[in-house]
Amino acid sequence: MQEQRVFPLNRFQEISERPEDFRLIERIPLNRNLVEKRLPLKLTNAIEGERVHQVVFLDTETTGIEHGFDKIIELGLVKATYSFDRRILLSIDKVFDGFEDPGRKIPQEIVELTGITDEMVAGKSLDQDRVAQMLLGRPLVVAHNAKFDRPFFDERFPSLGNLSWACSYSGINWDLLGSNGRKLEYLNLMRGWFYEAHRADDDCLALAWLMHIEPEAFSMLIEGALRKEYQVFAWGSPYSAKDILKGMGYRFDGKMKVWYKNFVQEAEAKMQISVLSQHYDASQTEVRPSTAVTRFKLN
């Protein structure tokens, strides 16, 4: 693990003389020790009569990136209440964090990244009842890389496979909000906050904090979750068409081995079949409706 730098108290004089050359960053106040002692933790006052819903911020730490082979070794969940009318977080209500023994040795690179060792997970398993309780009432599940986390979660908890999901990595226009990067640690750092990344509960709390201090981002996230989209899958596209597809804004899914693109309008999505037919035989092209329930599922 990288050694944490100590705040340079001996440079106060220099900082006071050249304040424009320094930036102050602070530890996120939502940390496991503080939150567990003060639940529910109020973030914003509710307004009488406004509609409130719940959201669960989720993060997994795993033995690797291969769904179906690699396993979850830590699961973090943070349940919060938000104002549906104002699109802002109101409180942090519950926190869950648990380890699970993957049944094999954790790769060294994962140990170095997360600090999770074989000894920490030995003989442990995730409490399915507690996980189900955290997700009671079908709250919106938010992960910072839902395309990665959802397949792992759905495989481990198949009975919870029809929840609604949103992604704070791809579902928010961070460029519009002045961020030229999307990693969770970076997004917080650019706003003056730091935390110990790559532990599931800390990542969940850091994501909750980011959504709290960036209500415009949280509003984008909710709006995107409510929106029905249409995915075009360019099945059967030849390798020679890859540059054409990439130029048209399609992305390649390495798991499914297919180029795909999302559209808001169904008519525009269906029109893609004729557009793609100008370049190759697009008879296998498929249009699928996409909602928060089906989004990020491993097909």
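When the range 51-64 is filtered for residues that are more than 15 Å from the chain's Cα centre (by Cα), farther than 18 Å from R86 by Cα and either surrounded by fewer than 19 Cβ atoms within 10 Å (Cβ to Cβ) or of a type outside the set (S, T, Y) (or both), only G64 remains. For S237, the conditions (1) over 25 Å from F148 (Cβ atoms); (2) touching a residue at least 12 places away in the same chain (Cβ under 8 Å) are fulfilled apart from (1).
Does at least one position in the range 212-220 carry a residue that is under 18 Å from T294 (Cβ atoms) and not aliphatic (A, V, I, L, M)? Checked the range 212-220: no residue is under 18 Å from T294 (Cβ atoms) and not aliphatic (A, V, I, L, M).
Which one of R130, R87, R138 is over 26 Å from T291 (Cα atoms) and in contact (Cβ under 8 Å) with a residue 24 or more places away in the chain? Testing whether each residue is over 26 Å from T291 (Cα atoms) and in contact (Cβ under 8 Å) with a residue 24 or more places away in the chain leaves just R130. Selection of the range 272-299 for residues being in a helix (DSSP H, G or I) and either out of contact with any strand residue (DSSP E or B) (no Cβ under 7 Å at 6 or more places or on another chain) or not assigned by TED's automatic domain parsing to the domain that holds G249 (or both) yields I273, S274, V275, L276, S277.
Restricting R51, R18, R27, R38 to those that are under 20 Å from V95 (Cβ atoms) and free of Cβ contacts under 8 Å to residues at least 60 places away in the same chain reduces the list to R38. Please specify each residue of the range 241-271 satisfying the condition of being loosely packed, with under 11 Cβ neighbours inside 10 Å, out of contact with any strand residue (DSSP E or B) (no Cβ under 7 Å at 6 or more places or on another chain) and either outside any helix (DSSP H, G or I) or touching a residue at least 40 places away in the same chain (Cβ under 8 Å) (or both). Listed by number, the residues that qualify are G254, K257, Q265. For the range 213-224, state whether one or more residues are of a type outside the set (D, E, K, R), exposed (fewer than 14 other Cβ atoms within 10 Å of the Cβ) and either at pLDDT 95 or above or out of contact with any Pro (no Cβ under 9 Å at 6 or more places or on another chain) (or both). No, the conditions are met nowhere in the range 213-224.
P19 meets each of the listed conditions (1) surrounded by 10 or more Cβ atoms within 10 Å (Cβ to Cβ); (2) of a type outside the set (D, E, K, R); (3) under 30 Å from S83 (Cα atoms) apart from (3).
Can you say whether R199 is out of contact with any Pro (no Cβ under 7 Å at 6 or more places or on another chain), crowded, with 16+ Cβ neighbours inside 10 Å and in the same structural domain as V141 (by TED's automatic domain parsing), as far as the supplied structure shows? The answer is yes for R199.
Evaluated against (1) assigned to a loop (DSSP other than H, G, I, E, B); (2) touching a residue at least 12 places away in the same chain (Cβ under 8 Å); (3) of a type outside the set (A, V, I, L, M), S179 falls short on exactly one condition, (2). Condition (residue is modelled with pLDDT of 95 or more, at positive phi and assigned by TED's automatic domain parsing to the domain that holds V142) applied to the range 29-47: is it met by at least one residue? The answer is no, given that none of the residues of the range 29-47 is modelled with pLDDT of 95 or more, at positive phi and assigned by TED's automatic domain parsing to the domain that holds V142. Could you look through the range 45-101, keep only residues that are touching an Asp or Glu at 6+ places or on another chain (Cβ under 9 Å) and of a type in the set (S, T, N, Q), and pick out the one that is farthest from K124 (Cα to Cα)? Only one residue fits best here, namely S83.
For (1) farther than 21 Å from R38 by Cα; (2) surrounded by fewer than 14 Cβ atoms within 10 Å (Cβ to Cβ); (3) of a type in the set (A, V, I, L, M); (4) assigned by TED's automatic domain parsing to the domain that holds L34, each residue gets a yes or a no:
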| position | (1), (2), (3), (4) |
| --- | --- |
| L89 | no, no, yes, yes |
| D101 | yes, no, no, yes |
| I110 | yes, no, yes, yes |
| I116 | yes, no, yes, yes |
| S125 | yes, yes, no, yes |
| L136 | yes, yes, yes, yes |
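Close contacts from the range 207-230, counting a first residue that is farther than 19 Å from R51 by Cβ and a second that is surrounded by fewer than 20 Cβ atoms within 10 Å (Cβ to Cβ) and polar (S, T, N, Q), with Cβ to Cβ under 6 Å and a gap of 6+ residues or different chains, come to K228/T291; E229/N262; E229/S290.
The values are calculated or read from the model by the stated rules, or taken from the named source; none is laboratory data. Small disclaimer: the values here were computed from a predicted structure and weren't measured. Glycine gets a Cβ as well: all are built from the backbone with ideal geometry, and neighbour counts include every protein chain shown.
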